[in-house]
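Structure first, commentary second.
Please treat every number below as a calculation from the coordinates, not as lab data. On a predicted model such as this, the values are computed, not experimentally measured, just so you know. For neighbour counting, all protein chains shown are included, and Cβ atoms are generated from backbone atoms with ideal geometry for every residue, glycine included.
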Amino acid sequence: MQNAKMIQALNEQLNKELFSAYFYLAMQAYFSSHNLDGFTNYFRVQVQEERDHALGFFNYLNKIGGKVTLTEIQEPQNDFSSPLEVFELALKHEQFITQSIYSLMDIAREIKDHTTEIFLQWFITEQSEEEENMGRIVNRLKLIKEDGAGLFMIDNELSQRLYTP
Ligand code: OFO
């Protein structure tokens, strides 16, 4: 089913997912420059996941015969003041992405595009997991405040995150 509004919104989401990968790559670079290897690993995995999300929209557009239109990717913030600032920004970004996926779902429902609804369902589940994970880390970073030992404990835990495509 071809609907211009739906195709445009799916393309915009593809761009947003590519931006997410770019934004998290900047965060990966920040942690890498501070030798926090676990945090670096966390964002390395996150970048890979975002790239997969972007490809999910790319492949879906191809599958339904919708034209893929690639547009400019916005420059992300490149400087951060603390690990807490990074995770607060990442959580805020995920909340924005969740709202964006909800808007896609609203369009799919409005035009009774059930195939796209089913496709989007996976992203809705994924978004609630992303927000939960990032929210947990924000809370823990707030708890430890400036405590170096606490930061290294979290760093160690985040080194365990695996990329599971
Ligand atoms: Fe693609 O979920 Fe994050 O942004």
Exercise for review: With 18 Å as the limit, write out which pairs from Lys92/Lys142; Lys16/Lys63; Lys16/Lys92; Lys5/Lys67 have Cα-Cα distances beyond it, or answer none.
Suggested key: Lys16/Lys63
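From Cα pairs below 8 angstrom and at least 6 apart in sequence, can you work out the relative contact order of the chain, rounded to a whole percent?
32 percent
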Exercise for review: Per residue of region 60-70, in order, report the coupling 6.51 cos²θ - 1.76 cosθ + 1.60 (Karplus, θ = phi - 60°) as ³J(HN,Hα) in whole Hz, putting x for Gly and Pro.
Suggested key: 5, 4, 4, 4, 8, x, x, 6, 7, 10, 8
Point to revise | Cα-centre dipole for region 78-165 with unit charges at Cβ (Lys and Arg positive, Asp and Glu negative), debye to 20 | key: 120 debye
Review point. Which of the GluC sites (Glu not before Pro) found in region 104-165 are loop residues per DSSP with 13 or fewer other Cβ atoms within 10 Å of their Cβ?
Key: Glu146
Revision key, fill the gap. Fewest to most Cβ atoms within 10 Å: His34, His93 sort as His34, His93
Review point. Using the 10 angstrom Cβ neighbour count as an exposure proxy, how do Tyr30, Tyr42, Tyr22, Tyr102 rank, fewest first?
Key: Tyr102, Tyr22, Tyr30, Tyr42
**Study point:** Intensity falloff of the chain expressed as log10 I(q)/I(0), Debye formula with alpha-carbon point scatterers, at q = 0.09, 0.17, 0.20 Å⁻¹
**Key:** -0.33, -0.99, -1.26
Review point. Using θ = phi - 60° and the Karplus form 6.51 cos²θ - 1.76 cosθ + 1.60, what ³J(HN,Hα) does each residue of region 76-90 get, whole Hz, x for Gly and Pro?
Key: x, 4, 10, 10, 9, 9, 6, x, 5, 4, 4, 6, 5, 5, 5
